[in-house]
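Where a number appears in this text, it was derived from the coordinates with a stated rule and is not lab data. Because the structure is predicted, anything quoted here is derived from the model rather than measured. In this analysis, Cβ positions are derived from the backbone assuming ideal geometry, glycine residues included, and neighbour counts consider all displayed protein chains.
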Amino acid sequence: MTESDVPSAYVRDKRTPPPSREELRARIPGWGADLDPADRPSYPKLQYPADTGAHWDFPERQPGAEGRERSIEHAFVTPAFGTAQPLHGLSGAIRRLAYQRFSEGRLAHWMLLIVGDRVDAWESHLRSFVSGRPDVPATGLRGELTHSGPGSREGRSDKRHQVLDPVVVAGPWLAAAGATALGARAVVRALRR
């Protein structure tokens, strides 16, 4: 990688000098109204070059960047990145599509990432069924019955809403179980014919 290929966001020193005050005043009406440091409490922070303590011009690149997801706005993956959760399955394909096709400024990018997260959650639930140790939905129903559920809500502002909590948590599980039962019944009927 040559020096000209490195984006200025990742280097310690800027490569191009900023325009002069006269150029900015000529180009932007009203520019320079805040030039007096007494008018700006953040002035000491703006002094450059700041002594950051960095011992490098460009940080050392982490190996393994090939195949990693990166936004289309960037020339390459950031110098350091996480590798703990590699993309996998259908959810990984959805996330890769979000990074390959859409800019981070597009709603489609973020919606695909959210869909990928939901698909990943369902993939995890399905894997738990295959493993023989299925996820137990945490509905709180047992606590409602054994630990004075209604009495524990006395004096709380969200008392009316808590009645719906078990329905919201258990509802998708019950719907999935019902859909599975209906699907199995349809398959059995089709095989009998």
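Rounded to the nearest 20, the size of the Cβ-charge dipole of segment 66-115 about its Cα centre is 120 debye, with Lys and Arg at +1 and Asp and Glu at -1. Computed about the Cα centre, the dipole magnitude for segment 71-193 is approximately 640 debye when only Lys and Arg (+1) and Asp and Glu (-1) carry charge, each at its Cβ.
For the pair residue 16 and residue 108 in one chain, pulling the backbone fully straight at 0.36 nm per residue adds 29.7 nm over the alpha carbon distance. Fraction of C-alpha pairs exceeding 19 angstrom in segment 99-152: 58 percent, rounded to a whole number.
Suppose the chain between residue 62 and residue 187 were pulled fully straight at 0.36 nm per residue; how much longer would it get relative to their current alpha carbon spacing?
39.9 nm
Shown for 22, 66, 104: other C-beta atoms within 10 Å of each C-beta, ranked fewest to most, produce the order 66, 22, 104. Note on residue 167 and residue 115: with the Förster distance fixed at 30 Å, the Cβ-Cβ geometry gives a FRET efficiency of about 0.80. Taking the convex hull of the alpha carbon positions in segment 71-123 and averaging its projected area over all directions gives 3.9 nm².
Kirkwood hydrodynamic radius computed over segment 103-188 comes to 16.3 Å, based on all pairs of distinct alpha carbons. Pick out, from 94, 112, 126, the residue whose Cα sits farthest towards the positive end of the charge dipole of segment 73-134, with +1 on the Cβ of Lys and Arg and -1 on the Cβ of Asp and Glu. Value: 126.
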